[in-house]
Amino acid sequence: MAAVLGVSRRTVNELAKQGVIKSVGRARYDLAASVQGYVKWVNGGKAVGALASSRQAVAAQQERRIRLANDQVEGRLVRRDVVEAVVDGAALAFRQGLDGLPGRMAAELAGLDDAAAVKARLHQETRRVLADVADRFAGFGGALPADGGAADATATANAGPMGRPVPEAAAGRG
């Protein structure tokens, strides 16, 4: 057995006393059980081989899945599609607010002669657009599902006083 394992006879005897190597009589050993016991002992009691690697991989994936689920429940993780829908909705509100600015302001500003009054009124209107966008962002926090998912993230992103549903192809532009 010492020659098979590459250790001294004294080591074999000590390992046999510890039950690592299976003795079946004086200086006789069960080869398969002894080699398996020795390999397990050398590896610190850990299983070896492809099965062990597979089990470790499965355990690592289960740990990762649990960690991600916990992060979602605790609000530290939000799905990418939800974040994209929120940002797209806010960008849409911003774009619509700015695109509508000339039409909303032209008639009012046409009658003003004072440049300072025009500037103040434009500033007031741009602040209103920015406030609407900020309100959209603030509204998304309460609209997010507790699990970090999005049952209907696109509908949520397109809702609100300035938003309107936009076809998916058009939503990506801008």
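Rule-based calculations on the coordinates, nothing more; no lab input. Here the structure is a predicted model, which is why all the values come from computation and not from measurement. Glycine gets a Cβ as well: all are built from the backbone with ideal geometry, and neighbour counts include every protein chain shown.
So here's what we get for this one:
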{"quantity": "Breaking point among (1) over 30 Å from T126 (Cα atoms); (2) surrounded by 15 or more Cβ atoms within 10 Å (Cβ to Cβ); (3) more than 24 Å from the chain's Cα centre (by Cα), for S53", "calculated": "(2)"}
{"quantity": "Residues that are without any contact (Cβ under 8 Å) to a residue 40 or more places away in the chain and either out of contact with any Leu (no Cβ under 8 Å at 6 or more places or on another chain) or on the phi > 0 side of the Ramachandran plot (or both), drawn from region 118-136", "calculated": "K119, A120, H123, Q124, R127, R128, L130, A131, D132, A134, D135"}
{"quantity": "Failed item, numbered, when A91 is tested on (1) in contact (Cβ under 8 Å) with a residue 12 or more places away in the chain; (2) not in a helix (DSSP H, G or I)", "calculated": "(2)"}
